[in-house]
Each structure stands twice: as C-alpha cells, then as structure tokens.
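In what follows, a structure is listed as structure tokens, so that the remarks can point back to it.
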Amino acid sequence: MHLSPPPSGRRILLAAAVAAATAFATTGPVAAEPLTANPADRQAQYAAAADEYGVPQSVLLGVSYLESRWDTHAGQPSTSGGYGPMHLTDAEQVASTPSSAHVDENEDPRGDDSRPLTLDPAVAAAPSGDVLPQATLQTVDAAAALTGMSVETLRADATANIRGGAALLASYQTELGGPVGTGSDPAAWYGAVARYSGADTEDAAAAFADEVYDQIGQGASRTTDDGQRVTLAATAVTPDESGLHKLGLRRAERPDGLECPVRVACEWIPAPYEKYGPNSGDYGNHDLGERPAQQKIEYIVIHDTEGYFGPSVKLVQDKTYLGWHYTLRSVDGYIAQHIKAKDVGWHAGNWYVNAKSIGIEHEGFAGHGTWYTEAMYRTSAKLVRHLALRLQIPLDRQHILGHDNVPGITAGNVAGMHWDPGPYWDWSHYFDLMKAPFHSTGTPHTGLVTIDPDFATNQPAFIGCNQQPPGVPKPTPPAAPCPLRGSSSVILRTAPSADAPLVNDRGLRPNGTPNTMYISDHGARASAGQTYALADIQGDWTAIWYLGQKAWFYNPASAPTAKWEQGFVVTTKPGKATIPVYGRAYPERAAYPAGVPYQTISPLQYTFAAGQRYAVGGVLPGEYYRAVTFDGSAPGDWTVIRGENRYVQIQFGHRVMFVNLDDVQIQPASVGAPA
C-alpha cells in the first residue's frame, strides 16, 4: 500500500508552516528569549511555555492532556505519527510505517467453515486514501518554523515539544483574531483548540475542543510515564464557540439512524451489501440481520486496523472485502459507521462471535512501537458505553473483547487468529473512561483474580516490533527488542520464578515448547481486566488456571499486578476425567431443519481436566445464524437455529472459550479455592 505523500509534499507543508510562522511573528506577541536552561519539572515546563507564547496554562495543559495525557512515550510516535506531550505530527513518519491491511494470506475473517471466505491479498494492497487529514499532516514543521528548533529536537525533547505546541496554539489564535496572552480568557481559545485537533470536519474539531474544556472543568492530576507529576486545576469555563466557524471546515453528514452517542464526531460511510458474481453466495461484505430482536448481541470486539484510517475506510467500502461496524481515526477520534448494529459484520474470524458482536476498528498497529491517542480512546469509550447500555451488554472483559480474545473456530484455526489490539492497548484506562473501572470485590480466599498491572510501569521486554510475520514467530530474521513502554499484559511462567520458562499454548506451539516474548506471541500472557480462577499463591507469585495448566505471574503485595475477585467458576462434573473445550457454541445435530447442513461441534486441542477451575463469563444458548445467500433463498436462510445445547463461556487462556453446560458444574469460586 503506497502511503507516502507526493515528493514535494513536505516542501509544500514546510512552506505553509513558514508562512504561518511569519504571519504570527508579525501579528502575534513577541516571543521571549529562548530559555537558557530547561526547567526540570514538567509542570514548570508547561508554565514557561505558556508564558513564552501567551497561552493560558489551563488551555495548554488541557490540550496536551487530550493528546497524550502529558506522557512522552519515550520519543515514540503515535499511530498518527504524533510525538511528545503535544502530539506534534510528522507525515513522513506516518508514511514510512508499513501497513499490513489487517488480513493475512488464506485468512477467513468470516470464520464460517461451511462457506469459507478467501480474500485476494491484492485487494488489501490496492486502496489509496489520505493517511491523515491535511490539516494535521506536518505540525512538527510548523512548530519548527515558529520556534527555531529542529524537528528532531521537537520530537525527542519534552520541553521543546511543549514549547512547540504552545507556539502552534498561539499562532492559530492569532490567525483567528483572538486575544493572546497568559492573562487572556481561556474561553476565547475555543477556535484555536478546535484547530489544534487536526480534524477536517467541524463536528470532529468541536468534539475535541469540547473534551478539552470538559477536562479543564474537571481538572486532572497524574504522574506521567517518565515520572513527572502534573496537575491541571479544575476551572469552570464556558467557551466562546464562535471561532469554530472561522476554520472553514466541512460539516459531516449525520443522517437519522446513525448509531453514535451525542457529542462525538460520527459520519455514515456505508459498507456495501452487494453481489459481485453470478452465484447466490457471491456477495459482500457483511450479512443482513435483525439483531437484537432475532439474536442477542453479546460482544463488542475491539480491533486495530494494522493500517491507516483512509485506506482502511476504502477497504470496508469494497464489496469483495470484509465489513465491520465502525472505524475510528487516531488523530481526533473521528468515527465512521459502516454497518448497522442489526446486521452482522465479517471481522472476528469466528462466525459464532461475528453473529453475536459489533466490530470496532481503531486506526493503529499492535506492535510497531506506536501508541494509541487519548482522543481515540475517549471517543471509542463513549461509543462502546453507548452501545453497551443500548444493547444490554455488560461492561466487562467477558463481553468487551479484544480481537486477541476471540477463539479459533476449530483446532486448525487457532494459530492463525489475530492478536490485536495487542499488549500496548491500555485496557484499564479504557474501562475507566467507560465508567466501569476494574476494582477488587474479594480477597485471596474468594478464588478469582483480575489482571490489572500499572500500565505505565509494567514494561515487559517484548521483541519483534521491527517485524510482524503472520502466525507463529519464525526464528529468523532476528527480532530486535521493542522499545520499553507501558503494557496491559502480564507474563505467565511455568513456576514462581522470573527464570522459569514461559507457559506453552499448544494451539500456537503444538510441540510443547514454551511460548516467547515475541510481540505477536500472546500464548503466555494475561491482560488487564481478564478474570481467572486462582490456582495457587507462593510469596510474591500468583498462579491461575490457564490452558489446562498452572500459570504463574509476579504479583507482589507492594506493587500488585492483579485484584482479588469473587464470582463463579466451572469444574468438571464428578466422574469426568477431562472434557472438551470449544471455540464456538453451536447447537446439536437434531436442531437443524431439513436442508440445512449440520455445523460440526468440533473441540479445540486443549484439555480441561478434573481438578482445574475456570472463571465463568456467562451461560449461552447453542446458536447458529444461517446466512449463506444474498437474497435469503437457501433453506433456513436468515434464521437463528437453536437447540437444547447450552454452553458456559470461560476464561480458558488469553482467549475466551466454551464448554458444554452438561459437562461442568458451576459453583462459587470461594468453594475449593486455594487456602
């Protein structure tokens, strides 16, 4: 996929930046002399930059919080190519990051082995589209022109980055004819804040500015990823929104029936339901349905695109490709809806999950070393909370799944399942934003534990961010260490020791060798918010039941990486030495009407043995949504087939799985818990 701007693009953008800087220098305030020494304290750095460029401190702090939560991310770019606390963007960096289009060779994202979907890899490579909105392509160049500092310094140095962001805000304010100065009214900066978002639509710019002013009203205080304490004092401000209309941004279409919350930027860009060949099954890129009336929606699946917003939206508009419900843009959190909630997308690689879920793609990469922006986290959290409340989906990690938590439909599919949004997605912060924080409800004696490491300081030594081959990692070429950075994942070992081998996921490594620290090799990890049955405690180490074995993670009382919980577990029924585990919860053969092929109930390669315990995620009916033709002409088409089978969803490994209710007994986790 060719994502680079035209050869002259940077020169054009730099010329525009220089012009803006010149205008600001002649019409705006005279900048203070460059600081002779950078303040060591981050709070003082914000204060100095605000004073230097005449920006109210509350505005500068609020904008920075909405971009990065004041974090530096060790000089690594965001998924939008933005750097530092002020998220100064560099289009050349974005264009140089490879894109995999999120589909591997021979992958079936529909996940229905009764009608395999084979995608042409050339389709994923063909679409073009704007990588970023034009307004935000190269703000680092504009900041360089305004401050006289180099692009490299603005990227890497937090103090310089904050100064660059302040200079940009002041230049935008001057261009809009607003007052400049630290004593100016923060309410008058709404238009400049909206422009800083980089949004290309008026509603997206307004949504960003609204979030900034809401944050100013609420205040904030936190320790950044490099250990700096920063505080934004809560201040009530009623912004003057008149400057927004001077930006000349387009107004997005928001038709009736758009399924988005209020006060977010959302647009209808439909995925096609169209035929592309002569046969009744030659259609794409989703299926019609009548959910939730016909079938309850149980899940919301969180993906990342493994590509950029513009090309990804082009792909979802291709009838020969695949479809998901929403795509979110990194730089400003803008939402595009493609499929209505009532209809079934092809996104998770598991037809049972697809038929009972909504798929949300986020612009980004699971393992390139980039980070997800606060603006995108916020709009995504609002969207998920809105959908969950409307559709009665519990706000927990048993129902808000990552793509990496979706099981393979059969044993042969396990190794090829996706692992996004990856270990760098901040699940704890995400659930905080959804107003559903992870919290302890038990003690070590209640039998369950929820993973919840401190994201900023939990920095596993992953490798391979320089390469992302599909499937099981290959030993060559050598995988380089990933940048050390915050993660939601804890590492699981075979014994309570940092020197013990990692546990084995036989679905990924059938030869029984330990899994690895390769970024895509998630078979020895548990993630924030996932709840497991407690297996043992030894000193600072805690064991959980995981893929048929005890798996140990470091969990010291002085800096815990998990919370104690109460709830329910399943165990094998008396007399059963082992029971099968499934990747889908289908009805029995007798449930299928005449003319409808039976969908095999196929166990996965894992073993659930007597004496093991797994956390319960819910009891579900055996269901199969039959949808195999464009016009519903096949026997039983567009109906939900249900039988007598019922299943229990369990947290069996990194992925959820299912067991037949007839094979297990459900009991309080405290019964039989380790002493």
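Computed quantities for the displayed model
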| read-out | value |
| --- | --- |
| Rounded accessible area per residue of the chain, 1.4 Å, Å² | 36 |
| Cα gyration tensor shape of segment 341-468, rounded if a/c is under 1.5, else prolate or oblate by comparing a/b with b/c | rounded |
| Set of aspartates and glutamates near Lys576 by C-alpha distance (under 19 Å), chain-local residues within fewer than 8 positions excluded | Asp662, Asp663 |
| Part-to-part distance (alpha-carbon centres) for segment 282-306 and segment 496-549, which is given in Å | 31 |
| Along the chain, longest interval not containing exposed trypsin sites (Lys or Arg not before Pro), exposed being DSSP loop plus at most 10 other Cβ atoms within 10 Å | 1-250 |
| Stretchable slack from Glu253 to Asp240, in nm (0.36 nm times residue separation minus alpha-carbon distance) | 2.3 nm |
| Cleavage-rule hits, GluC sites (Glu not before Pro), segment 174-280, DSSP coil, Cβ neighbours within 10 Å at most 14 | Glu253 |
| Vicinal HN-Hα couplings computed from phi for segment 436-444 (Karplus, 6.51 cos²θ - 1.76 cosθ + 1.60; Hz; Gly/Pro x) | 9, x, 6, 8, 7, 10, x, 9, x |
| Percent RCO, i.e. relative contact order, over the chain, from Cα pairs under 8 Å lying at least 6 residues apart | 11 |
| Kirkwood hydrodynamic radius (C-alpha pairs) into Stokes-Einstein, segment 420-559, 10 °C and 1.306 mPa s, D in µm²/s | 100 |
| Lysines with Cα under 27 Å of Lys573, excluding same-chain neighbours fewer than 8 positions away | Lys550 |
| Computed over segment 220-280: relative contact order in percent, which uses C-alpha pairs under 8 Å that are six or more apart | 17 |
| Entries of Lys246/Lys382; Lys246/Lys435; Lys296/Lys340 with Cα pairs more than 24 Å apart | Lys246/Lys382; Lys246/Lys435 |
| Rounded percent of accessible protein surface that carbon and sulfur make up, the chain, 1.4 Å probe | 53 |
| Chymotrypsin sites (Phe, Trp or Tyr not before Pro) restricted to segment 249-330 and DSSP loop, no more than 15 other C-beta within 10 Å | Tyr276 |
| Per-residue HN-Hα couplings for segment 542-548 [Karplus 6.51, -1.76, 1.60; θ = phi - 60°; Hz; x = Gly/Pro] | 10, 10, 10, 7, 8, 6, x |
| Loop-located chymotrypsin sites (Phe, Trp or Tyr not before Pro) in segment 581-641 whose Cβ has at most 15 other Cβ within 10 Å (DSSP) | Tyr598 |
| Calculated FRET value between Arg589 and Val619, using beta carbons and R₀ = 22 Å, to 0.05 | 0.55 |
| For Cα extents along the principal axes in Å, calculated from these coordinates, the label among (i) 83, 65, 49; (ii) 126, 89, 54; (iii) 80, 63, 56 | (i) |
| Shape category assigned to segment 491-530 from the gyration tensor of Cα positions, a/c cut at 1.5 | oblate |
| Fully extended contour minus Cα-Cα distance, from Asp631 to Ala610, at 0.36 nm per residue | 2.8 nm |
| Listed peptides 81-87, 215-221 by packing density, highest first (mean Cβ within 10 Å) | 81-87, 215-221 |
| Label-to-label distance, nm, for residues given as Lys296 and Ala675 (7 Å Cα→Cβ offset) | 3.9 |
| Globularity ratio of segment 535-675, using Cα Rg and 2.2 N^0.38 Å | 1.30 |
| Ser150-Asp499 pseudo-label distance in nm [points 7 Å out on the Cα-to-Cβ vector] | 4.5 |
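The values are calculated or read from the model by the stated rules, or taken from the named source; none is laboratory data. Worth saying up front: this structure is predicted, and the values here are computed from it rather than measured. A quick note on method: Cβ atoms are made from the backbone with ideal geometry, for glycine too, and the neighbour counts reach across all protein chains shown. Accessible surface areas use protein heavy atoms only, side chains included; no ligands, DNA or RNA. Shrake-Rupley method; radii C 1.70, N 1.55, O 1.52, S 1.80 Å.
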